[in-house]
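All remarks here apply to the structure that follows.
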Amino acid sequence: MLFKSVNTYTVGLMLFFAFLILSFCGFLQFPPATTSITPPLQDSGFSVASNTSGPFSDLSSAFRKWDAHVGCARFRDKYKDSLPSGSNGSSSLQEFGGDSTCRQLKMGHVTVLVKGWTWIPDNLDNLYSCRCGLSCLWTKSPVLADKPDALFFETTTPPLRRRNGDPLRVYMDLEAGRKRSGFEDIFISYHAEDDVQSTYAGALFHNGRNYYVSPWKNNDTLVYWSSSRCLTKRNQLAKSLLSLLPHHSFGKCLNNVGGLDMALYLYPACANDASVKPKWWDHLHCAMSHYKFVLAIENTMTESYVTEKLFYALDSGAVPIYFGAPNVWDFIPPHSIIDGTKFGSMEELASYVKRLANDPVAYAEYHAWRRCGVLGNYGKTRATSLDTLPCRLCEAVSIRGGRDARG
C-alpha cells in the first residue's frame, strides 16, 4: 500500500514538471484573461490585444492604433468578397447604365419641368451632360422649359389624362408607403421594383450645412439622438435604449439638453453664419460628429426604406446604431453600422456599445470602410441617389419617347 502511494505521488510530480516545461517552451498557450470585444454576427471584428483598450477621445489616435494592429490590407482581405463600386449583386438596387440602355434611347435631349412644391432643392436645376450623348434639362422654370418632354410631380397629383403629344407624367413618392398617384407614366420611389429608384444617400438631401467634423469624440456622453416627430413606437424604442446609455437628445422628443437649440451652445463651431438665425438642421452633421454613436431609427421599418437618418450619421463620422430596413446591408459599406435588431435585448446592445466606446481599435474598425476604400454596395447606393436622378429619369423618358410616347 505504501509502495502504491509513493508511485502515485512520483507520477503526479513528474506530470507537474512536464506541464511546466511545456508551458515555458511555448507548446501550451492560454488566452489572456481579457481580450478586445468581438462584435456580434456579421459585424465580427479582428482579434486585438487587450492592452489597446481604454477610454479615448482622439479619433486620429484610435485610427493609428487600428493601423498598427489590423490595417487596411487585412480589412480588405476580410471583405474581399464585397462588390467593387460599380457592380451590383443585390436586387435591392437598380442597374444603371450599359450599352444596351444607350441603344434603347429614342431622344438625344430631354427636358423635365418640375411642377408644384417639392423637397428637391433648387440647386438640382441644371443642364446635364449624361451618358450615351444624352443631354438633360431639369428645371422648375416654365420659361426655360416651354416644351417639356416630362412633367415632374411630388406633392401634387399629375393630370388625370395624357393625350398623345403631351409630356409624360412623372410622380415621385419617397415615403415608406410608396403610394402611386394612379395617373403617372413613370413612378419614382426608394425601391428597386419601381420605374426609377432614388435612394436617400446623396449629398443633395443635406446641402448648405456646416460640415465641420470634430476630431474629438465625447467620452462621457456616448450617443447623439435628435427627433422632433414623436412617434409612439419610435419613442418607446429610443427610450428603452437611451435609458441605459449616457446620451444627448436634441429634438422635441425625449429632449434632455434643455432646449431645441442647445447643440450650438454646446458646440459653437457648428454655427454656419453668425448673422443668420440658424435652423435646427444647419448644425446636424457637425453636432453628430462630436459623438461616438448616433441612434438612427426609421419611422417605418420596411424593406429598402433606408433614409437620411442613417446616411447623415455615416457622413458625420459617427457610428450609427440602426433600427430599420431588414435589408439595410444591401445599401451600406461592410462593418459600418451597429444593427440594433441583431441583439437579444437592449441591455445586451447597451453593454456592447459601452465596451466598444472604450476600445479604440474595435471602434476604429467601424470607420475602416471609408479609410480603406471598401464600399461594398454603398457605391451603387450613392449612384442611384437624388444626385443622379436627373440623368437617370431623362434616360427613362428618352427610352419611352417623351411626348411621342403612346398612351
Checklist entry - Within the set of pairs 6 or more residues apart or between chains, which connect a residue that is farther than 9 Å from ALA313 by Cβ inside the stretch 276-295 to a residue that is modelled with pLDDT of 75 or more and of a type in the set (Lys, Arg) with Cβ atoms less than 7 Å apart? => result HIS290/LYS217; TYR291/LYS217; LYS292/LYS217
Item to check | Residue that is least open to solvent (accessible area, probe 1.4 Å) [pool: residues in the stretch 227-263 that are more than 18 Å from VAL294 (Cβ to Cβ) and not in a loop (DSSP other than H, G, I, E, B)] | outcome: THR232
Checklist outcome for this item: Those residues of the stretch 296-315 which are touching an Asp or Glu at 6+ places or on another chain (Cβ under 9 Å) and either without any contact (Cβ under 8 Å) to a residue 12 or more places away in the chain or surrounded by fewer than 21 Cβ atoms within 10 Å (Cβ to Cβ) (or both) amount to ASN299, THR300, LYS309
Next on the checklist: With the structure loaded, tell me whether ARG74 is outside any loop (DSSP other than H, G, I, E, B), open to solvent by 30 Å² or more (accessible area, probe 1.4 Å) and not hydroxyl-bearing (Ser, Thr, Tyr) or whether it fails that test.
Outcome noted: yes
Checklist entry - How about the stretch 333-358: which of its residues are open to solvent by 50 Å² or more (accessible area, probe 1.4 Å), touching a residue at least 24 places away in the same chain (Cβ under 8 Å) and not in a loop (DSSP other than H, G, I, E, B)? => result LYS342, GLU347, LYS354, ARG355
Next on the checklist: For the stretch 238-275, give me the residue count where each residue is in contact (Cβ under 8 Å) with a residue 12 or more places away in the chain, in contact with a Leu (Cβ under 9 Å, 6 or more places away or on another chain), of a type outside the set (Lys, Arg) and over 17 Å from TYR212 (Cβ atoms).
Outcome noted: 12
Next on the checklist: Which numbered condition in (1) open to solvent by less than 30 Å² (accessible area, probe 1.4 Å); (2) farther than 30 Å from ASP282 by Cα; (3) not hydrophobic (A, V, I, L, M, F, W, C) is the only one that ASP146 fails?
Outcome noted: (1)
Checklist outcome for this item: Among residues of the stretch 112-129 being of a type in the set (S, T, N, Q) and part of a strand (DSSP E or B), the residue farthest from GLU154 (Cα to Cα) is SER129
Next on the checklist: Checking TRP329 against (1) farther than 25 Å from THR221 by Cα; (2) surrounded by 22 or more Cβ atoms within 10 Å (Cβ to Cβ); (3) of a type in the set (Phe, Trp, Tyr), only one condition comes out false. Which one?
Outcome noted: (2)
Checklist entry - TYR224 versus (1) assigned to a loop (DSSP other than H, G, I, E, B); (2) in contact with a strand residue (DSSP E or B) (Cβ under 6 Å, 6 or more places away or on another chain); (3) under 30 Å from GLU347 (Cβ atoms): which is the lone unmet condition? => result (1)
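The values are calculated or read from the model by the stated rules, or taken from the named source; none is laboratory data. What you see is a predicted model; the values in this text were computed from it and never measured. Here Cβ is always computed from backbone atoms with ideal geometry, including for glycine, and neighbour counts include all displayed protein chains. Accessible surface is based on the protein model in full, side chains and every heavy atom, while ligands, DNA and RNA are left aside. Shrake-Rupley method; radii C 1.70, N 1.55, O 1.52, S 1.80 Å.
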